[in-house]
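Student: Structure in structure tokens, see below.
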Amino acid sequence: METFLSSCHEALQQANSGDGGQGVHVVLGNEACDMDSMVSVMAYAYFLSKTLDSSRPVLPLLNVPRSEFPLRTDNVFLLRQAGVPQELLLFREQLDLLQLQRDGRLTLTLVDHNVLPSSDRDLEGAVVEVIDHRLLEREPSAACLVTVEMVGSCTTLVTERILQKAPEILDPQLALLLYGTIVMDCVNMAPEAGKVTPKDSQYAAQLEARFPGLPPRGALFQSLQNARFDVSGLSTEQMLLKDMKVLTGGELQLAVSVIYLTLEVFLERDKLEDDMSAFCVKHGYNMLLAMTISFTDKQPFRQLAIFSHSALCREEMSQALEKSRSPALLLCPISSPHSHIKAYLQGNTLASRKKLLPIIKDFLREQEQDGGRDEGEEGEEEEEEDTQFPPTPMNSLVEGCPLDNGLPRISAQALEEKFSKMSARRERAQSP
């Protein structure tokens, strides 16, 4: 693996300088860059480099900035155990994918997600293959080979491909990366956790049989879980960035972060609401969902918090989650010490973020449709209600917002005014 990753740096330099006229084939994971995404990217890129008959070098690209990678403490731990130096990894800011696409020098394979986010929509024409374990959202295309199967770990599908097509490339190092990820994603292969499938178990067992020197399953899982839950010393922003996915629909952009603490402990953090407000303004989010997970007697314990300065936005999202039946989250409201944070105990402990995301996407599609109808109304003047909101904390007026490049600066006040207008339009539309 080290030899392959080292060669990728040379190919990266050629691609960035324009010397690599043949272009590059990039394997890209999702924006959370969790262990499953990281290992799927590395392993599948390595597999393609050994099996593809193409002049284009294959590059494994982690879909986060290098500066954020240390927040994935379980990723860091697994790489250290496998003896893979972090400095050999390639990160998103190291390659201009959009320019490569414009130059006709990009081929793209997606792993651990099957649709590109809106910020990457211009790359769609370069996608030739998808491997994922989520609900298929892509439109069918003869130009793109799609493998989607609802297994516990995308790495299981990558392992299957390697064992079926090129088992000779497997060595103890790659086997540990694959095995550790499957065991971690499938919660130590425990059926009661609701993640593992027969295929996950099949390929974990095959790796164990081929490489009897792999660490004992239970010990490996416990060490990886300890590393993932180690959030000591992290700021609120770092906790939110550690395992986060972003969704967009209409006028809403929201982040869904997994927090490795109990919600009670998280809500007691000093200046939490100020920090969450600053985080949303800095990154341009209208709303933030924090899904907390902890364990009691080895059983998962899940809670949920919804943050937004807009009471309307919080309430509509709350209703969508409370009313969901596929799956039913079994939400029970609990006390929150913060006026802009709504808190819940989640009775359905099997409903991970993967199960929650389709509910949120449906909610965003409805918001987008409502927004389109509102924008189509002509001849009406917008009325502004004199809605009072708490003052914006001074420390939320941060510099360096990603949307500052020639665009108006987003502020909490602007977001509040926008939601107020949306609410007024919706009330007028519903009135007789």
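Student: Just to check your reading of the model, which residue among S339, S318, S310 is in contact (Cβ under 8 Å) with a residue 24 or more places away in the chain, farther than 29 Å from A190 by Cα, polar (S, T, N, Q) and open to solvent by 50 Å² or more (accessible area, probe 1.4 Å)? Outline the logic, then answer.
Tutor: On the way: S318 fails: open to solvent by 50 Å² or more (accessible area, probe 1.4 Å); S310 fails: open to solvent by 50 Å² or more (accessible area, probe 1.4 Å).
Exactly one residue qualifies, and that residue is S339.
Student: Hey, another quick one. Condition first: among the hydrophobic types (A, V, I, L, M, F, W, C) and in contact with a strand residue (DSSP E or B) (Cβ under 7 Å, 6 or more places away or on another chain). Now tell me which residues in the range 248-266 satisfy that. Even if it seems obvious, please write down each step before you answer.
Tutor: So the first thing to find is which residues in the range 248-266 are among the hydrophobic types (A, V, I, L, M, F, W, C), and the list is 252, 254-256, 258-259, 261, 263, 265-266.
Within the range 248-266, L252, L254, A255, V256, V258, I259, L261, L263, F266 qualify.
Student: While we're on this one: Give the number of residues within the range 13-53 that are more than 30 Å from V151 (Cα to Cα) and open to solvent by 10 Å² or more (accessible area, probe 1.4 Å).
Tutor: So the count comes out to 8.
Student: I'd like the full set of residues that are in a loop (DSSP other than H, G, I, E, B) and either among the hydroxyl-bearing types (S, T, Y) or within 22 Å of D53 (Cβ to Cβ) (or both), limited to the range 1-18. Even if it seems obvious, please write down each step before you answer.
Tutor: Pass one, the range 1-18, residues in a loop (DSSP other than H, G, I, E, B): 1, 18.
If the condition is that a residue be in a loop (DSSP other than H, G, I, E, B) and either among the hydroxyl-bearing types (S, T, Y) or within 22 Å of D53 (Cβ to Cβ) (or both), then M1 is the only one that fits.
Student: May I ask you to verify whether R302 is closer than 21 Å to K195 by Cβ, charged (D, E, K, R) and at pLDDT 95 or above?
Tutor: So R302 fits the description; yes.
Student: In addition: Only one of (1) modelled with pLDDT of 95 or more; (2) out of contact with any Cys (no Cβ under 9 Å at 6 or more places or on another chain); (3) not β-branched (V, I, T) fails for A255. Which number is that?
Tutor: Unmet for A255, out of (1) modelled with pLDDT of 95 or more; (2) out of contact with any Cys (no Cβ under 9 Å at 6 or more places or on another chain); (3) not β-branched (V, I, T): (2).
Student: Here is a follow-up. Can we say Q13 is free of Cβ contacts under 8 Å to residues at least 40 places away in the same chain and of a type outside the set (D, E, K, R)?
Tutor: Working: free of Cβ contacts under 8 Å to residues at least 40 places away in the same chain: yes; of a type outside the set (D, E, K, R): yes.
Criteria met by Q13.
Student: Further question on the same structure: Do any residues in the range 163-183 that are surrounded by fewer than 16 Cβ atoms within 10 Å (Cβ to Cβ) have Cβ atoms under 7 Å from those of residues that are small (G, A, S), where the two are at least six apart or on different chains, and which pairs are they?
Tutor: P172/G213; Q173/A82; Q173/G83
Student: Is there a residue in the range 247-256 that is part of a loop (DSSP other than H, G, I, E, B) and of a type in the set (S, T, Y)?
Tutor: No: zero hits.
Student: Take the residues in the range 323-336 that are open to solvent by 70 Å² or more (accessible area, probe 1.4 Å) and of a type outside the set (G, A, S); name whichever of them is farthest from R269 (Cα to Cα). Outline the logic, then answer.
Tutor: Taking the range 323-336 and keeping what is open to solvent by 70 Å² or more (accessible area, probe 1.4 Å), we get 323, 325-326, 330, 333, 335.
With the extra rule that they be of a type outside the set (G, A, S), the set shrinks to 323, 325, 330, 333.
Values: K323: 30, R325: 33, L330: 26, P333: 20 Å.
The residue in question is R325.
The values are calculated or read from the model by the stated rules, or taken from the named source; none is laboratory data. Note that the structure is a prediction, hence the values are computed from the model and not measured. Glycine gets a Cβ as well: all are built from the backbone with ideal geometry, and neighbour counts include every protein chain shown. These accessible areas exclude ligands, DNA and RNA; they are computed on the full protein's heavy atoms, side chains included. Shrake-Rupley method; radii C 1.70, N 1.55, O 1.52, S 1.80 Å.
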